[in-house]
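Reviewing the structure listed below.
The values are calculated or read from the model by the stated rules, or taken from the named source; none is laboratory data. The structure displayed is predicted, hence computed values, not measured ones. Glycine gets a Cβ as well: all are built from the backbone with ideal geometry, and neighbour counts include every protein chain shown.
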Amino acid sequence: MRKFFTTSDNRGNYECEKYYPERAVNSDLISNLCRSGSGDSALHVAAQHGRIRILKYLVETTGSAVDIRNHDRKTPLHDAAQFSQYGCVEYLLQNGADVNAVKKADWTPLMLACTKLNIEVVSILLTHGADPLFRNKDGWNSFHLATREGSVKILDLLLDNCPISSPELQQLVNSRSRNGRKPLHTAAMHGHLAVVEYLLQKEFTDVDDTDNCGTTPLMDAVRSGSTEIVDLLVMKYGAKTMCTNKTGYNCLHVAAEVGNSNMILHLIQNYGFDAKLPVLNGSVTALQIAEKEKQYSVTTMLQSIISNGLIGKN
């Protein structure tokens, strides 16, 4: 059955009646024929591939339920949103699909759409009442997901759905995941310069906010390898450079841990980091961290920096 759908023409114009004469069709037959290892029904497959005529046939002729679930509790609307099939999303919503249906791990269709950067799909879901404040099992809402993907346009769209200065807006932009991370952490971690500036320009969050591990957005920017975000956070928004996380690591220690030579040089030359400084309340240095993590090129570079006494500006 899956082959039947995926090999139809690009417009989804197979005549389903040719395969399923009316006298033989019933919703149980169609629903069960296409069950795969994932439990996808015929509706799921049609929604994934944008086969609107087949989708209409299944709903209107066979009476298939628009919110049928697969083994992961996904509905056809989840699949249509995830695969950016706008026409299928529109049709399913017009025919009563639950816009806030929750699949395994507590993901809604809106969340899946926010990971695919399709502004039209996000927009129609919001128009039909999708809840951007809903959080999945990890505590992420749709705003978190859009910051991870780096889409300022989708962030704007989500914000437009909440009244200015409303509790809902603050809940949207300042909510923490289960490990205490805010959207700014996420944007910095994934190297999205435009999103980081967008969040800070709107004064949504404290530039030095920490997650449950004591990690700041600056540390996340270091981990991502983006010197541009590091400079933006420090030089324009005043991020503290010498803060430490709960393991006592400062930004230089983080850079050594991930093996980023360019970031180490940037921190030493521009922000006065001391390569010999141990972690807070400990004796382990950046060199020893690099050695432990088998970051061999960084180890060699730090040995050279220490032996030559390279010191950056304070």
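General remarks:
- Condition broken by H78, with the remaining ones in (1) buried (at least 21 other Cβ atoms within 10 Å of the Cβ); (2) not in a helix (DSSP H, G or I); (3) not β-branched (V, I, T) satisfied: (2)
- Residues being of a type in the set (A, V, I, L, M) and surrounded by fewer than 18 Cβ atoms within 10 Å (Cβ to Cβ) - total across segment 125-136: 1
Residues checked against (1) within 27 Å of A146 (Cβ to Cβ); (2) at pLDDT 95 or above; (3) part of a loop (DSSP other than H, G, I, E, B):
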site	(1), (2), (3)
D67	yes, yes, yes
H71	no, no, yes
Y91	yes, yes, no
D106	yes, yes, yes
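- Residue within segment 58-66 that is on the phi > 0 side of the Ramachandran plot and without any contact (Cβ under 8 Å) to a residue 40 or more places away in the chain present: yes
- Qualifying residue in segment 272-295 (condition: within 22 Å of A194 (Cα to Cα), touching a helix residue (DSSP H, G or I) at 6+ places or on another chain (Cβ under 7 Å) and β-branched (V, I, T)): no
- Single residue of L169, L112 found to be within 22 Å of E197 (Cα to Cα), in a helix (DSSP H, G or I) and without any contact (Cβ under 8 Å) to a residue 40 or more places away in the chain: L169
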